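> I'd like to ask you about the structure that follows.
The values are calculated or read from the model by the stated rules, or taken from the named source; none is laboratory data. A quick note: this is a predicted structure, and the numbers were derived from the prediction, not measured. Every residue, glycine among them, receives a Cβ derived from its backbone with ideal geometry; neighbour counts consider all protein chains shown.
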Amino acid sequence: MTASPIIDVRNISKAYGSGTGRFEALRDVSLQIGQGESVAIVGKSGSGKSTLMHIIALLDTPDAGTVSFAGQDALSLSPRRISELRNKEFGFVFQQFFLTPGTSVLDNVTLPLKIAGMPAGMRKERGLTVLDQFELADKASNKATDLSGGQKQRVVISRALVNEPNVIFADEPTGNLDTATGTVVEDSLFALSRDLGITLVIVTHDEDLAARCDRQIIIRDGAIAAETSRTGAAA
């Protein structure tokens, strides 16, 4: 990695349960991600890859270790400041879409702006601009749950992009899509990274998707087992 790290994770560990039921999800993991990088976190189910992403994205806290964002110790922030940082700096794309039923496409896309307190007129303008980028402006007043799977995922990407984030976290972003639609979604994500310098952190078991990223972090039994670059060489 040559870019200066926007995300710096040092010696993090995370366990769930206690006694004989204790499960170590992560064990002494360190990872740095540069601005504009695309990084795939790869591993089998239960390997700890989703736990790692949730901690990096400040959706969960480690039992030990540090998480820094743009040089700031994120774990020292108050819950309110962490929420503000997530809403301002991060965008999220999940396999399950998490769209609000019965609510319009535009309202779903502009939710982060509403949370941030942006006035309604500005929210609408920004939301329509982003939807237009993904050829969905004509669907703005439709109910989000009435769309196709590929359209729903493009709405989710629009929502992730609407607050102009520095980092997009994507957890199995093409897991519910057919191959052709998944490729369109992948192309959209990598175009954002290439054209806008957005950092991509993608959790996936899809080898083809992972191979498109600048780096692959392979997680096994809660630890980093290997790192490779897009050329296949060890990182």
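> Report whether or not G150 is touching a helix residue (DSSP H, G or I) at 6+ places or on another chain (Cβ under 6 Å), small (G, A, S) and touching a residue at least 24 places away in the same chain (Cβ under 8 Å).
Yes: the conditions hold for G150.
For every residue, the table says whether it meets (1) at pLDDT 95 or above; (2) within 30 Å of D195 (Cα to Cα); (3) in contact with a Pro (Cβ under 8 Å, 6 or more places away or on another chain).
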site: L26; (1), (2), (3): yes, no, yes
site: V39; (1), (2), (3): yes, yes, no
site: S45; (1), (2), (3): no, no, no
site: G48; (1), (2), (3): no, no, no
site: L59; (1), (2), (3): no, yes, no
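> For the range 1-102, list the strands (runs of 3 or more DSSP E) that sit wholly inside it and hold at least 2 residues that are in contact with a Leu (Cβ under 7 Å, 6 or more places away or on another chain) and more than 30 Å from K152 (Cβ to Cβ); which are they?
Because the criterion is at least 2 residues that are in contact with a Leu (Cβ under 7 Å, 6 or more places away or on another chain) and more than 30 Å from K152 (Cβ to Cβ), the strands (runs of 3 or more DSSP E) in the range 1-102 that meet it are 5-16, 23-34, 64-69.
> Continuing with the same structure: Residue check, G117 against (1) under 18 Å from the mean Cα position of the chain (by Cα); (2) without any contact (Cβ under 8 Å) to a residue 60 or more places away in the chain, all met but one. Which one?
Every condition holds for G117 apart from (1).
> Among the candidates G21, G43, single out the residue that is over 30 Å from A140 (Cα atoms), surrounded by 21 or more Cβ atoms within 10 Å (Cβ to Cβ) and of a type outside the set (A, V, I, L, M, F, W, C).
The match here is G43.
> Tell me, please, whether a residue that is surrounded by fewer than 18 Cβ atoms within 10 Å (Cβ to Cβ) and part of a loop (DSSP other than H, G, I, E, B) can be found in the range 162-171.
yes
> Still on this structure, I have one more. Considering only residues that are of a type outside the set (F, W, Y) and surrounded by fewer than 21 Cβ atoms within 10 Å (Cβ to Cβ), look in the range 87-98 and name the one that is nearest to F69 (Cα to Cα).
Top of the filtered list is E89.
> Follow-up question, since we're still on this one. What is the number of the single condition among (1) surrounded by fewer than 20 Cβ atoms within 10 Å (Cβ to Cβ); (2) farther than 18 Å from G102 by Cβ; (3) in contact with a Pro (Cβ under 9 Å, 6 or more places away or on another chain) that T181 does not meet?
(3)
> When you look at N108, is it touching a strand residue (DSSP E or B) at 6+ places or on another chain (Cβ under 7 Å) and closer than 30 Å to R81 by Cβ, yes or no?
Against the criterion (touching a strand residue (DSSP E or B) at 6+ places or on another chain (Cβ under 7 Å) and closer than 30 Å to R81 by Cβ), N108 does not qualify.
> Assess whether D187 counts as being surrounded by fewer than 15 Cβ atoms within 10 Å (Cβ to Cβ) and either out of contact with any helix residue (DSSP H, G or I) (no Cβ under 7 Å at 6 or more places or on another chain) or β-branched (V, I, T) (or both).
On the way: surrounded by fewer than 15 Cβ atoms within 10 Å (Cβ to Cβ): yes; either out of contact with any helix residue (DSSP H, G or I) (no Cβ under 7 Å at 6 or more places or on another chain) or β-branched (V, I, T) (or both): yes.
Against the criterion (surrounded by fewer than 15 Cβ atoms within 10 Å (Cβ to Cβ) and either out of contact with any helix residue (DSSP H, G or I) (no Cβ under 7 Å at 6 or more places or on another chain) or β-branched (V, I, T) (or both)), D187 qualifies.
> Just name the residue that is modelled with the lowest pLDDT out of those in the range 100-112 that are surrounded by fewer than 21 Cβ atoms within 10 Å (Cβ to Cβ) and of a type outside the set (D, E). Show your work before the answer.
Of all residues in the range 100-112, those surrounded by fewer than 21 Cβ atoms within 10 Å (Cβ to Cβ) come to 100-104, 107, 111.
Going one step further and asking which of them are of a type outside the set (D, E), we end up with 100-104, 111.
Details: T100: 84, P101: 80, G102: 84, T103: 89, S104: 93, L111: 89.
Here the residue is P101.
> Same structure, new question: What is the residue count in the range 120-141 for residues that are part of a helix (DSSP H, G or I), of a type outside the set (D, E, K, R) and touching a residue at least 12 places away in the same chain (Cβ under 8 Å)?
Residues meeting the conditions: 5.
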